[in-house]
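The values are calculated or read from the model by the stated rules, or taken from the named source; none is laboratory data. Please read all numbers here as calculations on a predicted model, not as lab measurements. No Cβ is skipped: glycine too gets one built from the backbone with ideal geometry, and neighbour counts run over all protein chains shown.
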Amino acid sequence: MMDDPKILEVFRRYRGNPIITTKDLPYGANSVFNAGATKVGDEIYLLMRVEDRRGISHLTLARSKDGITNWRIDERPTLMPEPREHPEEIWGIEDPRITYVEELGQWVIAYTAYSVGGPLVALATTEDFRTFKRLGPVMPPEDKDAALFPVRFNGRWAMIHRPVPGPYVAGAHIWISFSPDLKHWGDHRILLKARRGGWWDANKIGLSPPPLRTDQGWLILYHGVRTTASGCIYRLGLALLDLEDPRRVLARSDRWVFAPEAEYERFGDVDKVVFPCGWILEGDTVRLYYGGADTCIAMATASLKELLEWLHEHNLYREREQ
């Protein structure tokens with residue numbers, strides 16, 4: 001069946017992309033990308049990954065009334081690695097996903113800490129994006145692409161993450177784990193498997209922004225990495241999880257919904273990458289903030305209604321809906 005181009009353009013790029021580059025930073029850096037996003041009052045906050053000219057990443061806050069222009073960026077890094085107290089951060093902190101947890105009255109930030117043993121998942125909390133309380137590592141290396149759900153399930157917190165298996169195991173899949181206290185995690189299980197063969201999401205997948213609650217379920221945007229003769233391509237697909245039991249996958253797209261096409265997505269420090277760490281829902285509008293080619297920050301918008309319709313139209317498990 002031929003693709004309908006109107007359906008394919010579910011996400012619409014902001015014409016002024018990229019919205020933030022290193023030229024907008026108040027200090028020198030190599031690149032800025034992969035920002036977590038949240039709304040605080042009437043402002044949109046981006047907690048941006050900034051890579052310095054040593055190759056070490058830290059996080060810096062940007063704020064905007066309209067979420068597109070006039071960004072007010074902290075004069076100095078907002079959250080720096082602290083390898084003396086937290087040796088797991090010796091080679092930087094990266095790719096934050098922000099979840100506001102109403103029960104705690106705080107934002108919980110899941111981020112990648114780059115340790116000597118490899119990248120791992122760490123958590124931190126904040127009430128104001130000025131002071132942060134590190135909870136430390138919660139998953140051992142190699143693990144990344146983590147985000148917390150905003151509510152408990154049967155008294156336990158749930159987190160999606162992506163461990164990488166040893167060299168003798170095929171495929172890097174998306175997992176879900178549970179915790180009574182945000183520190184000790186267990187009941188680990190695969191949530192979404194990377195496909196094999198020629199699929200766009202074969203062999204390696206990972207969560208992009210945190211799960212988004214909708215009336216139909218938890219909407220998941222994930223990236224698939226396809227290795228080609230000219231390198232890797234990072235594209236995005238959708239999935240839907242049950243509201244009461246997020247271990248149940250209700251839908252998963254059979255094709256990508258967003259891919260690197262614009263010049264700022266195809267050429268940079270890492271070519272052919274669209275990598276979102278944050279999205280915000282305002283009414284029916286989803287604002288997606290993503291890194292372009294590991295070099296800049298861009299934005300695209302979509303209708304939540306259209307996203308869900310597209311997912312059901314291209315659902316691998318359509319027979320379940322019959």
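Some observations on this one:
- Residue identified as within 20 Å of residue 176 (Cβ to Cβ), touching a strand residue (DSSP E or B) at 6+ places or on another chain (Cβ under 9 Å), touching a residue at least 12 places away in the same chain (Cβ under 8 Å) and surrounded by fewer than 21 Cβ atoms within 10 Å (Cβ to Cβ) among 243, 221: 243
- Residue in region 6-15 that is over 21 Å from residue 96 (Cβ atoms), touching a helix residue (DSSP H, G or I) at 6+ places or on another chain (Cβ under 8 Å), outside any strand (DSSP E or B) and touching a residue at least 40 places away in the same chain (Cβ under 8 Å) present: yes
- Region 64-105: number of residues that are in contact (Cβ under 8 Å) with a residue 12 or more places away in the chain, over 24 Å from residue 160 (Cβ atoms) and outside any loop (DSSP other than H, G, I, E, B): 3
- Residue 100 vs. criteria of a type in the set (Phe, Trp, Tyr) and within 17 Å of residue 39 (Cβ to Cβ): yes
- Matching entry among 121, 138, 108 (being in a strand (DSSP E or B), touching a strand residue (DSSP E or B) at 6+ places or on another chain (Cβ under 9 Å) and either more than 30 Å from residue 243 (Cβ to Cβ) or in contact (Cβ under 8 Å) with a residue 60 or more places away in the chain (or both)): 108
- Given (1) within 19 Å of residue 282 (Cβ to Cβ); (2) of a type in the set (S, T, N, Q); (3) buried (at least 20 other Cβ atoms within 10 Å of the Cβ); (4) touching a Ser or Thr at 6+ places or on another chain (Cβ under 7 Å), index of the condition residue 60 fails: (1)
- Whichever residue in region 226-235 is closer than 15 Å to residue 292 by Cα and surrounded by fewer than 24 Cβ atoms within 10 Å (Cβ to Cβ) and, among such residues, is modelled with the lowest pLDDT: 232
- Comparison of 247, 252, 235, 287 shows that the only residue that is in contact with a Leu (Cβ under 6 Å, 6 or more places away or on another chain) and basic (Lys, Arg) is 252.
- Criterion: more than 21 Å from residue 44 (Cα to Cα) and modelled with pLDDT of 95 or more - qualifying residue of 68, 93, 109, 98: 93
- Residue, modelled with the highest pLDDT, within region 152-176, restricted to residues that are crowded, with 16+ Cβ neighbours inside 10 Å and part of a loop (DSSP other than H, G, I, E, B): 173
- For the residues 187, 145, the requirement of being in contact (Cβ under 8 Å) with a residue 40 or more places away in the chain and either surrounded by 18 or more Cβ atoms within 10 Å (Cβ to Cβ) or of a type in the set (Asp, Glu) (or both) singles out 145.
- Conditions (1) under 20 Å from residue 287 (Cβ atoms); (2) modelled with pLDDT under 95; number of the one not met by residue 4: (1)
- Just so you know, in region 191-204 the residues that are in a strand (DSSP E or B) and within 18 Å of the chain's Cα centre (by Cα) include one that is surrounded by the fewest Cβ atoms within 10 Å (Cβ to Cβ), and it is 204.
- For first residues located in region 279-298 and crowded, with 24+ Cβ neighbours inside 10 Å, partners that are among the hydroxyl-bearing types (Ser, Thr, Tyr) and in a strand (DSSP E or B) and lie 6+ apart or on another chain with Cβ distances below 6 Å form the pairs 298/290.
- Matching residues in region 278-300 - criterion: being among the acidic types (Asp, Glu) and over 18 Å from residue 69 (Cα atoms): 284, 294
- Residue within region 243-260 that is in contact with a Phe, Trp or Tyr (Cβ under 6 Å, 6 or more places away or on another chain), at pLDDT 95 or above, of a type in the set (Phe, Trp, Tyr) and more than 30 Å from residue 187 (Cα to Cα) present: yes
- Subset of region 124-171 (residues that are small (Gly, Ala, Ser), at positive phi and within 21 Å of the chain's Cα centre (by Cα)): 136, 171
- Residues satisfying the stated conditions in region 260-275, i.e. among the small types (Gly, Ala, Ser) and either in contact with a helix residue (DSSP H, G or I) (Cβ under 6 Å, 6 or more places away or on another chain) or surrounded by fewer than 19 Cβ atoms within 10 Å (Cβ to Cβ) (or both): 262
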